[in-house]
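Scroll down for the structure; my scribbles are underneath it.
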Amino acid sequence: MYELIPEYLERLETIAGEIQASEVLQQYLEEEEEEYFNTLKEMFEPNINLVYQDVAAHHPLQLIHLERILLDTAFEGLFLPRILGFSVLRGTVDHRYKYTRPQHHFQDILLAICNSANFDILKKRIGQTIQIGFALSSDIWVTNLINAIDNRRVRHYLQGLKSDRLRVLDERKRDYARYNRQFVSENYLSVVFPDTPAELTIEYAGLERFLLYRINTQEDNSSIVPPLDAFVSSDELNGTIEHMKIATLYGAFFELPDDSQVVLSEAIEKMRTSLPDADEAQLEFLLYLHAHKEVKLTPEADLNLAALYDRQTDDQLSDYFTIIEKIHTEGYTNEPTQEAIREVYLNHEGLSSFNEGIRRTVFHYFDIFVKNLEAKDYPEYFEITKLFAVYMGLFGNQKFNQDLKELSMTYVEKLLKVYTDKRGKDYQDIKKFVSATFLDFGFLTDKEIVNLFKTRRKRKKKEDE
């Protein structure tokens, strides 16, 4: 756990002092009316949230410590329902939608709420959260937590939140997804970087999720650079596939100061000899990133990685990053680049990770180009298909061809929605081009082409008898 820096500690101490000095709190303590507590929420939770969001944006590794501070009774339970939800969703779940390890932080926050003098009010905001947290936890863990509470009424309340329905995987999966959507705009992810290979194996999914979130949202990541440097330079962790993956994410997507680049480059060179089949493992992970929905392996990310790999090392990665660098710097439309691709491509099996990485890299350019075309730009689409033919012939890969077909069909369907006049020049040009080219490429058969351009007759409404 990383401790909160003094600036935030002071801000929280000020808020706690203001809560305790508040006349509204005194009225609540005297009359115990819920409306006064709700007024406290309106007055102070926005201020707590401002601190929380500031820490989440700039110092995410300190969030756990911040949440522990909020457990202090001086905050009167304010903001605890929110961070209880964060703690439930922060835990890593496996394919059975169960936590990979016990969520002690969730337990600590829940116990603080259960022992709070304001429990009867707070419990109105936490029922769904507890139900999801219990469903994701083991029965033994939940039973032990409930039995640790002395208050019989509170125990009964918690017992009622153990759902038999959520014992069913599909139900648990659906409710978890529904609950998660409530927090989709919240920034609450935090991690503790593990020190041993065993811990790393367990914690890896959470680490990847955290890093991909930081990459995808382009947050200020300067505070996590030093811990990442320590992580990637660990000799104990180097040689594990999880270490390689984290190092790859770090190198590809983070803006690194010169010192960090040196640290990472040295760690990568050690990895290339310490990790069994390091080159194949690295190539497979790059393919995983190419296919990832949340973050894409962009040309910039590729070049960031290429700069970290010493080409004097005799493995696949030296050749791979050399050709990838050539594609990005000299251009995939360049004939010398195409010839260089052909030469290295023929030295590897067609379905190898090496060759698939090249195909994904080239397709990325086609994908971006075509998806950015407006309908009026269709002559540019006609022109780019000349390169389709070049790479389809070079790769001879069915999946690559299928991806180009899907990309092309989406664009052609877009054109046919715009150019509806069948006698118009635009429509006729498109029809003529598609009829010839899509047949040559094997995208469509003669019959499918006819059906694509066939006029859809509108069904006549039946007259009332």
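Since every read-out is calculated from the coordinates, none of them should be taken as a lab result. This structure is a prediction, so every number in the text was calculated from the model and none was measured. Neighbour counts are summed over all protein chains in view; Cβ atoms, including those assigned to glycine, are modelled from backbone coordinates with ideal geometry.
LYS422: which aspartates and glutamates have alpha carbons under 17 Å from its alpha carbon, excluding same-chain residues fewer than 8 sequence positions away?
Leaving aside aspartates and glutamates fewer than 8 places away in the same chain, those within reach of LYS422 are GLU413.
Using a 7 Å offset from the Cα along the Cα-to-Cβ direction at both ALA205 and ARG174, what is the distance between the two label points in nm, to one decimal?
Result: 2.1 nm between the two label points.
Less than 14 Å Cβ to Cβ from PHE441, Lys/Arg counted +1 and Asp/Glu -1: what total charge do the surrounding residues give?
Its environment carries a net charge of -3.
State to the nearest 20 debye the size of the charge dipole of the stretch 265-318 about its Cα centre, where the only charges are +1 on K and R beta carbons and -1 on D and E beta carbons.
Computed charge dipole of the stretch 265-318: roughly 200 debye.
Would you calculate the separation in nanometres between label points at GLU42 and VAL93, each defined as 7 Å from the Cα along the Cα-to-beta-carbon direction?
3.5
Between rounded, prolate and oblate, where does the stretch 177-263 land on the alpha carbon gyration tensor, with a ≥ b ≥ c its root eigenvalues, rounded for a/c under 1.5, else prolate if a/b exceeds b/c?
Oblate is the answer for the stretch 177-263, as a/c is 1.5 or above yet b/c matches or exceeds a/b.
Which of the GluC sites (Glu not before Pro) found in the stretch 367-421 are loop residues per DSSP with 11 or fewer other Cβ atoms within 10 Å of their Cβ?
Sites meeting the loop and neighbour criteria: GLU374.
Tell me the mean residue ellipticity at 222 nm calculated for the chain from its helices only (DSSP H runs of n ≥ 4, each -39500 (n - 2.57), averaged over every residue, nearest 500).
That comes out to -21500 deg cm²/dmol.
Does the stretch 101-233 come out rounded, prolate or oblate, given a ≥ b ≥ c as the square roots of the eigenvalues of its C-alpha gyration tensor, rounded meaning a/c under 1.5 and, failing that, prolate meaning a/b above b/c?
Note, shape of the stretch 101-233 comes out prolate.
Quick check: pseudo-label points 7 Å beyond the Cα along Cα→Cβ at ALA198 and ALA230, how many nm apart are they?
2.1
Considering only C-alpha atoms, what is the centroid distance from the stretch 179-237 to the stretch 51-94, in Å?
Computed from Cα coordinates, the inter-centre distance equals 16 Å.
Normalised by the number of residues in the chain, what is the relative contact order in percent for Cα pairs under 8 Å and 6+ residues apart?
9
How about LYS270: which lysines have a C-alpha closer than 17 Å to its C-alpha, ignoring those fewer than 8 places off in the same chain?
Counting by Cα, and skipping residues close in sequence, LYS270 has these lysines nearby: LYS245.
Once you order the gyration tensor axes a ≥ b ≥ c over the Cα atoms, which shape class does the stretch 69-110 get: rounded for a/c under 1.5, otherwise prolate or oblate by comparing a/b with b/c?
Taking the square roots of the gyration eigenvalues as a ≥ b ≥ c, the stretch 69-110 is prolate.
What whole number of Å gives the distance from the Cα centroid of the stretch 244-285 to the Cα centroid of the stretch 319-377?
Cα centroid to Cα centroid, the span is 22 Å.
Report the calculated FRET efficiency for ARG181 and ARG423 (r = Cβ-Cβ distance, R0 = 51 Å), to the nearest 0.05.
Once rounded, the FRET efficiency stands at 0.55.
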